[in-house]
Amino acid sequence: PFLMAESRTELRRKVIAVCAARDPRAPLHFVIRAEGSAPSYFIKYGYPELVEEGRTLQCLYDLAQSDIHAPRVPEVYDCFSNYGEPLGTEYLVMEYIPPPVCTLDVWIEDGQSDEERQHRADVVAAKVADLILWLHACPVPPESPPGPIGGGLMHHNFFADGEAPMAFASTVALEIYVNKVSPAILSASTSFDRHTGAGNVLKAARDTSEGSQFLSTTSAVLPFRHRLQ
């Protein structure tokens, strides 16, 4: 359920208006700060696969609610397309999780000794490892084919043009395609997303206060998009 103080229609209008007014060179994510009784929202837009990402993120959120060991996963409030625009735009509206007051690199460097700094670095590494293990342990919904939760085309630079030419009904179908397709038409890059790339995602996490949520929500899709077993 989308429990919001303002109606979904009003929120969509606000999101579209803010996106339209943004500099085209600006990152394709931002925060709408809380106003009155309405919460803050984290917005991603402009990526053709955001609807699929929203479904996957919602699945992760649902799983996390019944698992005390789960990381904090943002709730998906809305995911929609505005096909009234010339090329159409996808929008993902989710819960905004404020970044920590102190960034991890600062927290590590504030250690009083080399041993303390190493201990803090080890703690961070362990937390990240736990997060990755949790994601990989998340069960895939029964009868789910390879690709995004709920169906759709796989997006990966493994494919020519960064998108699978078809939806694969099973891992067997995907394996047959991979074995038969000509290597000449495959992209040389193995970056997980043709729009951001791992380097740009990490840069966004460093350069913006909202980058940590952008990184976490984008990375959360990976175990579902690429798991073949």
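The values are calculated or read from the model by the stated rules, or taken from the named source; none is laboratory data. Here the structure is a predicted model, which is why all the values come from computation and not from measurement. Cβ sites come from the backbone with ideal geometry, for glycine too, and all protein chains shown count toward neighbours. Side chains are part of the model used for accessible areas, which takes the heavy atoms of the whole protein and leaves out ligands, DNA and RNA. Shrake-Rupley method; radii C 1.70, N 1.55, O 1.52, S 1.80 Å.
Between residue 124 and residue 68, what is 0.36 nm times their sequence separation minus the Cα-Cα distance? Round to one decimal in nm.
Separation in residues times 0.36 nm, less the Cα-Cα distance, equals 18.2 nm.
Provide the FRET efficiency to the nearest 0.05 for the residue 167-residue 37 pair, computing r from the beta carbons and using R0 = 45 Å.
Given R0 = 45 Å and the Cβ-Cβ separation, E is 0.60.
Using θ = phi - 60° and the Karplus form 6.51 cos²θ - 1.76 cosθ + 1.60, what ³J(HN,Hα) does each residue of the range 126-142 get, whole Hz, x for Gly and Pro?
Here the 3J(HN,Hα) series is 5, 5, 5, 4, 4, 4, 5, 4, 4, 4, 6, 7, 4, x, 7, x, x Hz.
Using only the alpha carbons of the range 66-171, what is the convex hull's orientation-averaged projected area in square nanometres?
11.2
Given 0.36 nm per residue, what is the gain on full extension from residue 7 to residue 25 after removing their alpha carbon distance, in nm?
3.5 nm
Which sequence of 25, 117, 8 reflects their accessible areas, 1.4 Å probe, from the largest down? Please report the intermediate quantities before stating the final value.
Values: 25 205, 117 65, 8 100 Å².
Order by accessible area, largest first: 25, 8, 117.
What is the P(r) of the range 93-151, as percent of Cα-Cα pairs per 5 Å bin from 0?
Computed distribution, short to long bins: 4, 14, 13, 14, 16, 12, 9, 8, 5, 3, 1.
Along the charge dipole of the range 35-152, Cβ charges K/R +1 and D/E -1, which of 76, 119, 42 sits furthest on the positive end?
Among 76, 119, 42, the one farthest towards the positive end of the dipole of the range 35-152 is 76.
What percentage of the solvent-accessible surface of the range 24-164, computed with a 1.4 Å probe over protein heavy atoms, is contributed by carbon and sulfur atoms? Can you show the working numbers first?
Working: 4490 of 7820 Å².
Answer for the range 24-164: carbon and sulfur cover 57 percent of the accessible area.
Could you do me a favour and compute the accessible area per residue for the range 1-65, 1.4 Å probe, result in Å²?
53
Excluding residues fewer than 8 places away in the same chain, name every one of the aspartates and glutamates whose C-alpha is closer than 18 Å to that of residue 14.
6, 23, 35, 78, 85, 90, 95
Using a Cα-Cα cut-off of under 18 Å, which aspartates and glutamates could be cross-linked to residue 180, ignoring same-chain neighbours fewer than 8 residues away?
Excluding near neighbours in sequence, the set is 161, 163.
Taking the Cα atoms of the range 7-96, what is the range of coordinates along each of the three principal axes, in descending order and whole Å?
In descending order, the Cα extents are 43, 32, 25 Å.
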